Each structure stands twice: as C-alpha cells, then as structure tokens.
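Chemist: Okay, handing you the structure first.
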Amino acid sequence: MKVKLRAYGLKKRILQCRLDRQRRANNPNKYNDDGTINKSNREKWIQSENDRKMRKELVEMSRKVADKRKQAHNQLANHILSLGLDVRVETMNFKGLQSKAKKTEVSEKTGQFKRKKRFGKSLANRAPSMLLSIIDNKLNYFGLPLKRIDAAKVKASQFEHFTQTYVKKKFSKRWNHFEQGDVQRDLYSAFLIMNTKDNLCEIDVERANKTWNHFFDKHQQEIERIKHLNKKHLSSIGL
C-alpha cells in the first residue's frame, strides 16, 4: 500500500509540474521576471484545451491518492487494534507543525538563512490526524475512547524513568544513551506513553521498570530488522 501511495504521489507531482509549465506558457504576461505571479495584471487567465484536460487528470489523481491513503489508514488502524484496545497517543498541534516558522534564523555552519518550512508537506501526505480519527471511531464501536495523554505534563521526550528526571534534548538528538544500551528516542517516548497512569498526566515508573526488559529486547530486534532492509532508512530514526 505504501508503494502504491508513493507511486500515485509521484504521478500527482508530475501532473502538477506539467500543469504549471502549461499555465506559464499560456500566460507569460501574468508572471514577473523572477517567476512570481504578477498581481497587478488583471487580464483573464488563458486556459487551453490541454490545460483543462490536465486539470481533470489532477483532480482524479488527487481523489485516488485520498482513497488509497484512507484505505491504508484503515488497514493500519485495524492492525493497531488487533494488538490491544487501550490506545494512548500524545496530544499534538498538527496545524502548528504545518505552519512555517516565524523567526528568521541564520545557520552557524553555512551562514545562510535557514528555511522556514516545517512539516506541512509531510503531514499533508500522511494525514496523521485522519489516522487518529479512524482509530477513535473504531474504538467507539467497543465503547472505548482514544486516550490522549497530557503532553505538557508527561513530557515523554524528556523524561527518563531510570532516574525519574527530565532531560531536555535537542531535536537533532535521535537516540537516548542508557547504561543498558542505546534506545531510539521516539520508540522510547512511545514506551513511556504506554506506561502512563490512568490519569494520563504522569508516568507509572513502577510499571515502566517491570516492562522495560521486554521492550528493550523487542526494540533491539526491530532496529536490527530495519538495518537489514534493502530500503533507505527513515532519517527521523537516526540510522
């Protein structure tokens, strides 16, 4: 399913590029020399027959991408619920992650301005909010809620259950270094979220200690599996 989604996504981008080139060729006076749209030009946009045809193709391709994404989310939701019905997630502001950064920063390495883009394209393609809605709807059939932990109080990305302390880490640091071994940061956060108390506001350290060995063994197995895949590793994992 992921392969089909990527293939449809690639076809959609190709269509968008072709449509943009066609629009610019038909309306050269509607653009500035730097390629931006000339807002002062009030002339009517010219649309060729080929332009209209490509627009219809793009609409149909967008529909296929949306249908395949929803189908993939339903399959993933079914798999998650087959593992258990106590589903806990971290509250996240997806709209905030989509918006561009407001602060203008300069890179210390290159001396150039950093890009203000964040995760808008990635979130639009993967639609995590839709996945959570699907899981929530499926849980409602069993009379159960999707449990959303209080991220501001739990601070799963900073908490370390061994020392029961909070350690603020840079976003670029993808691994936690413990005496028992290295653990991928996001997987460890998921482990802590799994071991939150019923009030969803704090970590149950006693339960985390009891389940740690099982989690660590499964963690090592999964990391080794990912390393041996004949695919490009996810950059977010840090491998």
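The values are calculated or read from the model by the stated rules, or taken from the named source; none is laboratory data. All of these numbers come straight from a predicted model, not from anything done at the bench. Here the Cβ positions follow ideal geometry from the backbone for every residue, glycine too, while neighbour counts run over all protein chains shown.
Chemist: Tell me which residues, restricted to the range 164-195, are over 13 Å from Glu222 (Cβ atoms) and hydrophobic (A, V, I, L, M, F, W, C).
Modeler: Correct list: Val167, Phe171, Trp175, Phe178, Leu192, Ile193, Met194.
Chemist: Turning to a different aspect of this structure: Given the criteria within 26 Å of Leu85 (Cα to Cα), over 19 Å from the mean Cα position of the chain (by Cα), surrounded by 13 or more Cβ atoms within 10 Å (Cβ to Cβ) and of a type in the set (S, T, N, Q), does Asn195 qualify?
Modeler: Yes: the conditions hold for Asn195.
Chemist: Is it the case that Met92 is in contact (Cβ under 8 Å) with a residue 24 or more places away in the chain and either touching an Asp or Glu at 6+ places or on another chain (Cβ under 9 Å) or not in a helix (DSSP H, G or I) (or both)?
Modeler: Considered against the rule, which asks whether it is in contact (Cβ under 8 Å) with a residue 24 or more places away in the chain and either touching an Asp or Glu at 6+ places or on another chain (Cβ under 9 Å) or not in a helix (DSSP H, G or I) (or both), Met92 comes out as yes.
Chemist: If I ask for residues that are modelled with pLDDT of 85 or more and of a type in the set (Ser, Thr, Tyr), which ones from the range 1-51 would you list?
Modeler: Result: Tyr31, Thr36, Ser40, Ser48.
Chemist: Can you work out which of the residues in the range 149-171 that are of a type in the set (Phe, Trp, Tyr) and over 13 Å from Thr196 (Cα atoms) is surrounded by the fewest Cβ atoms within 10 Å (Cβ to Cβ)?
Modeler: Here the residue is Phe171.
Chemist: Ok, one more. Being under 19 Å from Leu15 (Cα atoms) and at pLDDT below 90, is that true of even one residue in the range 74-93? Let's see the steps before the verdict.
Modeler: At the first step, the residues of the range 74-93 found to be under 19 Å from Leu15 (Cα atoms) are none.
No, because not a single residue in the range 74-93 is under 19 Å from Leu15 (Cα atoms) and at pLDDT below 90.
Chemist: Quickly run through the range 45-89 and pick out the residues that are part of a loop (DSSP other than H, G, I, E, B), in contact with a helix residue (DSSP H, G or I) (Cβ under 8 Å, 6 or more places away or on another chain) and closer than 25 Å to Ala151 by Cα.
Modeler: Leu85, Val87
Chemist: Here is a list: Ala156, Ala127. Which entry is outside the structural domain of Ala7 (by TED's automatic domain parsing), touching a residue at least 24 places away in the same chain (Cβ under 8 Å) and on the phi > 0 side of the Ramachandran plot?
Modeler: Ala127
Chemist: Go through (1) at pLDDT below 90; (2) in contact with a Ser or Thr (Cβ under 8 Å, 6 or more places away or on another chain); (3) more than 30 Å from Ala72 (Cβ to Cβ) and name the single condition Gln180 misses.
Modeler: The one condition Gln180 does not meet is (2).
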